[in-house]
Amino acid sequence: MFNAFERRIAFRYLRARKGERFVSIIAIFSLIGIALGVATLIIVMSVMNGFRQELLAQILGLNGDIGVFGAGTNITQYDAAAGKLMKIPGVISAIPIVQGEVLMTGPHGGAIGGVARGIQPSGLADLKTVSHHIIAGTLNGFAGNDVAIGAGVGTQLGIPLDSTITLVLPQGNATIIGTIPRIESFHVTAIFQTGMAQYDSSFVFLPLKAAQTLFRAPDAATQIQLFVKNPDADGPIKAAIPQTLAPTPVNVVDWQDSNNAFFAAVNVERNVMFLILTLIIIVAVFNVVSSMIMMVKDKTADIAILRTMGASSGSVLRIFFMVGASVGVLGTLIGFALGVVFCAYIENIRMFIQNLTGTQLFNPTVYYLESLPAQLEWSQVTEVVILAIALSFAATIYPSWRAARTDPVEALRHE
C-alpha cells in the first residue's frame, strides 16, 4: 500500500529540521496526549474491573451464588434438601445455615450490631473466604459454644482469642415482669479476616445446632446457600430448584437479585468513566489534526515540487496519512505499554505514593477492600487500542486530503 518512496518522504517529514521545530513540538505533544489518554483509559477500566471482581468474589464467597429460602417458614429436612440440590448439574456445594441479627458485646463492655450465622463445620470449611483467612485460632473441633468472629468485631469490642463474646437477641423471653432479651455467651476459637471490612466488622459464625437453639429453629434452617460453577450463567440452576424440591414451596434468590442495584451502579459508573476518559484521546486527536494542517501549510512548496516531479495526488495523500498515522500508532503503543505495566505494579505504586506522602490513599472502610485491585481484560484493552488507532487514522484524513488537492502551479506561483 505504501511504497518505498512514500515511506522515505514520510519518515523525512517526521524528523524536524531547523525552522520546523514548532510543528514538531505540536506533534510530540499530540503523541504524549494520545499515550496518556490510552494509558489512563486502560488503567481506570482495569481498576474498575478489578474492583467489581473483588467485590463479587467477596460477596459470593461469603453469601453464596444462590439462596434457597422456605416460603414463609424455615426449611425442615435441610440435609435431604441439600442432597437433592447437589444433584443439579453445575452445583458445587449446598450449605444449610441459620442466620439472624444480633447485638454483640465484649467482656469489657461496648456493643455493636451484627449477623450471627449458624453453619455446620463442613459448610464452614467450604466457605474458603472464611476458612482460608483465619488469622488467629483454628476451626478444628468447631462445635458446642465455639464461634469464629471477624477481625473487625474483635477490634471494636476488644475480644482476643479464647475470650468470650455475648450475643443478645431482640426477641426475648416473656416473663411476669415483661420481655427479657435472650442472652447467650460463646467461646471465641477463631478470628478471620476476609479483607472486606463490612463483613469483618459484623459477622460471627457459630455451630448450626447452637444457632438453632439461639434462634429457636429446632431441626430447621433459615436458608440453603448454593455455590455454582459459573455464577454469571446460573439461570438454568435457578429454574431447576423449585422442581427439585417440590412439593416443598421455596423462594430462590441469586446474587444478581440480591445485589442488583449495587452491581448495576458499578456497571453504569464503569461505562460513564469509559466515555469520559475517551475524551482525553479525542482532545489529543484534535492536536494531531492541528499539527497536520500546519505541516501541510508548511510543506506547500514541497508538495508542489513532488507533484511536478511526477508524484500523484494519491501518493501525496498517503505520505501525509502515514505521517499522521505514525504519531497516533506510536502514541497508542506507548500508552498501551504504560497502562499494562502500571496495572501490573499498581499496588506497589500505591504503597510507594502512600509511604512518600504519608496519607492513606485507599481506605478499606470506604471501599470495602484493603488493596487496590486491577484486572486487565484483554478484549477491553484491544477495544481501547483499536479506538485510539481508528481516531488517529480519522484525524489524518482531512489534512492528507487537503495536501493531495494542492495545485502545484498555484503553490509555486505564490512561493
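Once the C-beta distance of ARG405 and LEU275 is scaled by a Förster radius of 41 Å, the resulting FRET efficiency is 0.75 to the nearest 0.05.
For the range 103-114, the Karplus equation 6.51 cos²θ - 1.76 cosθ + 1.60, evaluated at θ = phi - 60°, returns couplings of 9, 9, 10, x, x, 10, x, x, 7, 9, x, x Hz by residue, with Gly and Pro reported as x. Comparing THR213, THR332, THR164 in a Gaussian network model of the chain (Cα springs below 10 Å), the most mobile by mean-square fluctuation is THR213.
Considering the options ALA284, ALA311, ALA233, tell which one lies farthest towards the positive end of the dipole of the range 176-331, charges being +1 on Lys and Arg and -1 on Asp and Glu at the Cβ, about the Cα centre. With unit charges placed on the Cβ atoms, the residue in question is ALA311. Note on the chain: dipole from Cβ charges, positive end direction compared against LEU169, PHE205, ASN145; the farthest Cα belongs to PHE205.
Between ILE112 and LEU330, the modelled labels are 5.6 nm apart [label points 7 Å from Cα along Cα→Cβ]. Compared with the alpha-carbon gap, the fully stretched path from ALA125 to ASN259 is longer by 45.8 nm at 0.36 nm per residue. Under 5 Å between amide hydrogens, built in the peptide plane, is the criterion, and for SER163 it picks out VAL188 among residues at least 5 positions away or on other chains.
Computed on protein heavy atoms with a 1.4 Å probe, the accessible areas place TRP255, TRP401 in the order TRP401, TRP255, largest first. Note on the chain: the alpha carbon radius of gyration divided by the globular reference 2.2 N^0.38 Å gives 1.48. The portion of the accessible surface of the chain made up by carbon and sulfur, rounded to a whole percent, is 61 (1.4 Å probe; DNA, RNA and ligands excluded).
Short-range pairs are left out: with C-alpha atoms under 8 Å and at least six residues apart, the relative contact order of the chain is 28 percent. This model, with +1 at the C-beta of Lys and Arg and -1 at the C-beta of Asp and Glu, gives the chain a dipole about its Cα centre of some 1700 debye.
On full extension, the segment bounded by THR164 and SER313 gains 45.0 nm, given 0.36 nm per residue less the C-alpha separation. Once the Cβ-Cβ distance of HIS187 and ARG216 is raised to the sixth power relative to R0 = 25 Å, the FRET efficiency obtained is 0.70. Principal-axis analysis of the Cα atoms of the chain puts helix 4-14 at an angle of about 80° to the longest axis.
Among GLY144, GLY64, GLY109, the residue with the largest mean-square fluctuation in a Gaussian network model of the chain, with springs joining Cα atoms closer than 10 Å, is GLY109. A simple spin-label model places pseudo-atoms 7 Å from Cα toward Cβ; at THR155 and ALA71 they are separated by 4.5 nm.
Annotation: amide H-H contacts under 5 Å for LEU127 (H modelled 1.01 Å from N, sequence separation of 5 or more, or interchain): none. Taking the charge dipole of the chain about its Cα centre, with +1 at Lys and Arg Cβ atoms and -1 at Asp and Glu Cβ atoms, the residue from CYS343, ALA81, PRO249 reaching farthest to the positive side is CYS343. Length available on full extension from ARG7 to ILE386: 0.36 nm per residue minus the Cα-Cα distance, which gives 134.2 nm.
The values are calculated or read from the model by the stated rules, or taken from the named source; none is laboratory data. In this text the structure is predicted, and so the values were computed from the model without any measurement. Please note: Cβ atoms are built from the backbone with ideal geometry, for glycine as well, and neighbour counts cover all protein chains shown. In case anyone asks, the SASA skips ligands and DNA or RNA and just uses the protein heavy atoms, side chains included. Shrake-Rupley method; radii C 1.70, N 1.55, O 1.52, S 1.80 Å.
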